[in-house]
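Student: Right, I'll just put the structure down here and ask away after.
The values are calculated or read from the model by the stated rules, or taken from the named source; none is laboratory data. A quick note: this is a predicted structure, and the numbers were derived from the prediction, not measured. Cβ coordinates were reconstructed from backbone atoms using ideal geometry, including for glycine residues, and neighbour counts include every protein chain displayed.
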Amino acid sequence: MINEMTLRRQAVLGLVIRSYSEKGQPVGSKSFVETYGLGISAATIRNEMAALEEMGYLTHPHTSAGRIPTEQGYRYFVEYLVGETELPMPEQLMIRHQFHQARVELDQWVRLAVAVLAHTTRKAALATSPRSFQSKFKHLELISLRDTVVLMVLVLMGGTVKQQMLTLDEPVEQETLSRLSNQLNEQFKGLTAGQINTLAAELPALGRQVARIIGQAIASVDGQAEEHLYRDGLIHILDEPEFSEGDQVRQMVQTLEGPSLATIVTAAAQPLEIGGVQVLIGGEGRWNEFSDLALILSRYGVEGGASGLLGVIGPLRMTYDRTIGAVRLVSRLMSDLVSEWYE
């Protein structure tokens, strides 16, 4: 049947996409046979390409007899032909070493993630900081500064650190503050703002005052606007031949640097679980800004705790297997780092 996806047609489609992704040139039947030497005649390959074109997986520019993939062809390739790809082991080891060398600072982790993805894939990369829908208490330090003025250092699970100056009702010695910190660290670990506010009523006056401030600080984190989107590698996109014209460059910069990108990324990642990978090709009919782009996303973090997003943006013509492998690896490394905050 002309519309049946046979194993041979799968192989032809996969090789056409890989060749076009690497060289950027339409693939003809003669060059296909010369390149891959599959023991199949050019006429047979030509027939298979024609069948794939009729099925909607390939098309051909008016000026060329060769074929190029369609959005539908890329989607089929990603869903059925890519598989569980991994980067070559030397690259994996180099990337792991970079993360092991990073300081234990959340902001640096996220910046490193986008830098590594942009360098490895030669595409634009993005990431958000890990956040919890409901932030949870991890650790507290109370430091006496003078009289009734105290510095509160509050650490939340997921890495958020809040520093706040407190004015207590009366002077309190450092020994008392340290004792209270230890008590609250034991009592509040893993609790949300609401749970802390409930327990505050049962505490003595000083503990009650500090607990309510902790609850307010955590609630303010939960109520913050959408997380900051880190970006890197825009220059790689602008080097692509697909975006060589002035209008195309302008639209590309507006898309990648504009405020709508965060909204699109968040919406596209809704079904993702930790470690999952989502591939958005051509905007999927929902986002016109991405009509000429592919977005590969992953969610990293801790199940039931803090999580963030990271990914790669590029033209539809990209090496999907390598890019997916890079996104998957960096997502795993970021999840490992975030999980350390929960131990």
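Student: Of the residues Gln92, Gln101, which is closer than 13 Å to Leu329 by Cβ, surrounded by fewer than 18 Cβ atoms within 10 Å (Cβ to Cβ) and either outside the structural domain of Thr319 (by TED's automatic domain parsing) or of a type in the set (S, T, N, Q) (or both)?
Tutor: Checking each option against the conditions leaves just Gln92.
Student: Next up: Of these, Ala326, Ala306, which one is hydrophobic (A, V, I, L, M, F, W, C), in contact (Cβ under 8 Å) with a residue 24 or more places away in the chain and farther than 30 Å from Gln25 by Cα?
Tutor: Result: Ala306 is the single residue among Ala326, Ala306 that is hydrophobic (A, V, I, L, M, F, W, C), in contact (Cβ under 8 Å) with a residue 24 or more places away in the chain and farther than 30 Å from Gln25 by Cα.
Student: Quick check: is even one residue across the stretch 128-141 at pLDDT below 95, surrounded by 14 or more Cβ atoms within 10 Å (Cβ to Cβ), more than 30 Å from Val210 (Cβ to Cβ) and touching a strand residue (DSSP E or B) at 6+ places or on another chain (Cβ under 9 Å)?
Tutor: yes
Student: Given the conditions (1) crowded, with 17+ Cβ neighbours inside 10 Å; (2) of a type outside the set (D, E, K, R); (3) closer than 24 Å to Leu106 by Cβ, report the number of the one that Leu293 does not fulfil.
Tutor: Single failed check for Leu293: (3).
Student: Among the helices (runs of 4 or more DSSP H) confined wholly to the stretch 217-276, which include 2 or more residues that are over 22 Å from the mean Cα position of the chain (by Cα)?
Tutor: Per the criteria, 246-257.
Student: Taking the conditions exactly as written (touching a Leu at 6+ places or on another chain (Cβ under 9 Å) and either surrounded by 12 or more Cβ atoms within 10 Å (Cβ to Cβ) or not small (Gly, Ala, Ser) (or both)), does Gln25 satisfy them or not?
Tutor: The answer is no for Gln25.
Student: Further question: Which residue is farthest from Asp336 (Cα to Cα), if the candidates are limited to the stretch 256-274 and must be surrounded by 14 or more Cβ atoms within 10 Å (Cβ to Cβ) and either touching a strand residue (DSSP E or B) at 6+ places or on another chain (Cβ under 7 Å) or not assigned by TED's automatic domain parsing to the domain that holds Asp336 (or both)?
Tutor: Step by step, filter the stretch 256-274, then rank; the result is Leu256.
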